[in-house]
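Heads up, the thing below is written out as structure tokens.
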Amino acid sequence: MKKVTIMHTLDDIDKKILNLLQDNATLPLKTIAEKLGISIATTQRRISQLTDAKIIERTVAIVDAVKVGRPLTVLVLIKMVNSNTPMQHRFERLMAAHPQVMSCYEISGDYDFVLIVANQDIQDYHRFTRQNLTGENNVATFNSQFVMNSVKSSPKLTLDI
């Protein structure tokens, strides 16, 4: 689990920059500066500070799963055989490194983890389960929920100003 440390106080300008970059990280500095009524130098300095403080963790491209041949998204609820063991940590490392696993969350409740897995088709997902969701990987049971329709899928964390 990540340790939460807040070292940087965000003001309204920082929040506006973060909201703009989350919508389009390729916006030119000039465009951001104009939208916010600040100088390009100030914009660049603030983005650098946000990056140095790890508030901006990384810049990524959002890919359309259907257009790249991964149209089958599955939410997988996982119950482990043993919790808080070296086997659980091994499973976490395996999921973090697996290219089909888009997200892996340790959760509370009846299950220990939830995965979001992107697949080519049902056979691809079946191979994933056979290779990764087994007793040798400390998985007692798993429950597959197939996404039928995506109403909203966004990594954006909108910041109130």
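The values are calculated or read from the model by the stated rules, or taken from the named source; none is laboratory data. From a predicted model like this one, the values you see are computed outputs, not experimental measurements. Cβ sites come from the backbone with ideal geometry, for glycine too, and all protein chains shown count toward neighbours. Keep in mind that these areas ignore ligands, DNA and RNA; they rest on the heavy atoms of the full protein, side chains included. Shrake-Rupley method; radii C 1.70, N 1.55, O 1.52, S 1.80 Å.
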### Query
Between a first residue in the stretch 40-65 that is among the hydrophobic types (A, V, I, L, M, F, W, C) and a second residue that is surrounded by 10 or more Cβ atoms within 10 Å (Cβ to Cβ) and modelled with pLDDT under 95, which pairs have beta carbons less than 7 Å apart while being 6 or more apart in sequence or on different chains?
A53/H8; I55/H8
### Message
So T26 passes all but one of these: (1) more than 25 Å from A140 (Cβ to Cβ); (2) of a type in the set (V, I, T); (3) open to solvent by less than 100 Å² (accessible area, probe 1.4 Å). Which condition number does it fail?
### Response
(3)
### Task
Scan the stretch 77-100 and give yes if some residue there is without any contact (Cβ under 8 Å) to a residue 12 or more places away in the chain, open to solvent by 70 Å² or more (accessible area, probe 1.4 Å) and assigned to a loop (DSSP other than H, G, I, E, B), otherwise no.
yes
### Message
If I filter the stretch 3-23 down to residues being within 19 Å of T59 (Cβ to Cβ) and either charged (D, E, K, R) or exposed (fewer than 10 other Cβ atoms within 10 Å of the Cβ) (or both), which single residue comes out as modelled with the lowest pLDDT?
### Response
D23
### Task
With the condition kept exactly as written, say whether any residue in the stretch 33-55 is under 29 Å from I122 (Cα atoms) and either open to solvent by 30 Å² or more (accessible area, probe 1.4 Å) or modelled with pLDDT of 95 or more (or both).
no
### Query
In this structure, is P71 open to solvent by less than 90 Å² (accessible area, probe 1.4 Å), out of contact with any strand residue (DSSP E or B) (no Cβ under 6 Å at 6 or more places or on another chain) and under 27 Å from Q22 (Cβ atoms)?
yes
### Summary
Selection from the stretch 123-161 of residues modelled with pLDDT under 95 and among the acidic types (D, E) yields E136, D160
